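Student: Would you mind keeping the following structure in view while I ask a few things?
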Amino acid sequence: MTIAVDNIRRITLRVPSQLHQALTQAAAERDVSLNHLAVEALELYLVQEKELALSEAKGQFPLKELSGLLAPAAQARGLTEEEMMRHVKEARRRIWYERYREMVKWSQGLC
């Protein structure tokens, strides 16, 4: 992708040293710059967030696979799709919270 120089903006990110080391290694393994890797990761994040928001706006499960896996269990328990979505959202919140806590511990060298 070619971007005009006047369309580029600079940001500064503060990351734990272990994360920086892992990102630097991943960039080297892919033979790309750390900047290129970070831009790709941010672009991917935005695409995934947009897809998730569109799915949720339509009242669909976030992922087709998730819907397929959970539908039999939801039917067996007599849950509506709305009730199942409530459970999915709560589970997703818990997962993100746990990942965040792990990242904080990791960045503080507690893991």
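Student: Can you give the three extents of the C-alpha atoms in segment 1-50 along their principal axes, from longest to shortest, in whole Å?
Tutor: 31, 25, 21
Student: Going by how many other beta carbons lie within 10 Å of each one, how would you line up Glu82, Glu43, fewest first?
Tutor: Ranking Glu82, Glu43 by Cβ neighbours within 10 Å, fewest first, gives Glu82, Glu43.
Student: From the phi angles alone, apply the Karplus equation (6.51, -1.76, 1.60; θ = phi - 60°) to segment 16-25 and give each ³J(HN,Hα) in whole Hz, x where the residue is Gly or Pro.
Tutor: Result, rounded to whole Hz: x, 4, 5, 5, 4, 4, 5, 5, 4, 5.
Student: Taking 0.36 nm per residue of sequence separation and subtracting the Cα-Cα distance, how much length would be gained by fully extending the chain between Arg101 and Leu19, in nm to one decimal?
Tutor: Numbers: separation 82, 0.36 × 82 = 29.52 nm, distance 1.48 nm.
28.0 nm is the gain from fully extending Arg101 to Leu19.
Student: Along Cα→Cβ, 7 Å out, is where each label goes; now give me the distance between the ones at His36 and Thr12 in nm to one decimal.
Tutor: It works out to 2.6 nm between the two label points.
Student: Also: Can you put Ser17, Ser33 in order, fewest other beta carbons within 10 Å first?
Tutor: Ser17, Ser33
Just so you know, all these numbers are worked out from the coordinates, no wet-lab data involved. Every value quoted in this text rests on a predicted model; they were computed, and no experiment measured them. In this analysis, Cβ positions are derived from the backbone assuming ideal geometry, glycine residues included, and neighbour counts consider all displayed protein chains.
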